[in-house]
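No lab work stands behind these numbers, since they all come straight from the coordinates. These numbers come from a predicted model, not from an experiment. Neighbour counts run over all protein chains shown; Cβ positions are idealised from the backbone, glycine included.
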Amino acid sequence: MQFTVITGISGAGKTRSANVFEDLGYYCVDNMPPELMPKFAELCVQSQGKIPKAAFVTDIRSDTLFHGIIDQLKILEEMNIDYKLLFLEASDNIILKRYKETRRRHPLSALNLSISEAISKEREILAPLREKADCIVDTSNLSLSQLKERISGIFEKGHGKESMVVNTVSFGFKHGLPNDADIMFDVRCFPNPFYIEELKPFTGLDKDVKEYVFSFNQTEQFMDKLNGMLSFLLPYYIEEGKTNLVVAIGCTGGRHRSVAIAERLNQSLKEEGYFTTVIHRDINR
């Protein structure tokens, strides 16, 4: 059976993710105390195929019980339960914004902490769990449809190339680095359409900007080398059991060069047979 543990930072979208899993046919439980995980897994196994896929959310809301989650995960391993641990996170600014919009209290607010202090404390508590995670997804700039696409790609996979999801993210360095990037490339060395008056208002999704970016020999050479390197590396990642790779492409503002190059890379990987997604984090900034 497929067994998934969903956890992460409060406000990062764990409940939304559980809804996505439910849409994918998983039996889902929200806010499960860690001490019940082994019993729940045992019941799923004993269901004789009635629960082929199960996912549950466990997080800091369980209070003191949550501190024993690592021990409970070890019990699952001793029971030979094959599980995946999905860790969801988002930037502090996004978490703060979401709490202000929903007016909900942070689970650690009882400690007389400000929301910012509670977020920092929660990250400290969750650090060992984040390190143990099979998949880390930063939801800061993901729409619901993009979140569903990312989760579907990771957990509804096949074999060989189909088992690897390559997520290409364009971003602007002036807006900060992507938290979940596995590999990062800086394309600020290439000519910038921002300084061409007629191109400045557009983005790397527009034809004229794309044509400008790839009109330079060095950009085409970079793409050839980038495609070649990833074609070489990806089979080894798959061989090592990695199922989700985030490739980040960054330029200054995240609107022109990085977008055009990320789109081209995404298309090349798709043509090679990989399941791919592309997100332009800063295109509207």
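Looking at the calculated P(r) for segment 160-280, what percent of the C-alpha pair distances fall above 22 Å? Across segment 160-280, Cα pairs with separations above 22 Å total 32 percent. Report the label-to-label distance for D82 and E197 in nanometres (one decimal), using points 7 Å from each Cα along the Cα→Cβ vector. Between D82 and E197, the label points sit 6.3 nm apart.
Going by average Cβ density within 10 Å per residue, which order do the peptides 181-187, 90-96 take, highest to lowest?
Top of the packing list down: 90-96, 181-187.
Considering only V45, V137, V165, give the residue with the highest GNM mean-square fluctuation for the chain, with springs between Cα atoms whenever their separation is below 10 Å. Answer for the Gaussian network model of the chain: V45.
Rg then Dmax, both in Å and based on the Cα atoms of the chain: 20.7, 66. For V45 and D182, what does the FRET efficiency come to when R0 = 35 Å and r is the distance between their Cβ atoms, rounded to the nearest 0.05? With R0 = 35 Å, the Cβ-Cβ based efficiency is 0.60. Within the listed set K148, K210, K97, the Gaussian network model of the chain (springs between alpha-carbon atoms below 10 Å) gives the highest mean-square fluctuation for K97. The mean of 1/r over all distinct Cα pairs in segment 30-147, once inverted, gives the Kirkwood hydrodynamic radius of 15.9 Å. Extending 7 Å from Cα along the Cβ direction at R105 and again at S143 yields two label points whose distance is 3.5 nm. In the chain, the sites counted are GluC sites (Glu not before Pro) in DSSP loop states with at most 12 other Cβ atoms within 10 Å, and the longest stretch holding none of them, exclusive of the sites, is 1-196. Between M229 and E131, residue separation times 0.36 nm minus the direct Cα-Cα distance comes to 32.6 nm. Across the chain, the mean sequence separation of Cα contacts (distance under 8 Å, 6 or more residues apart), normalised by length, yields a relative contact order of 20 percent.
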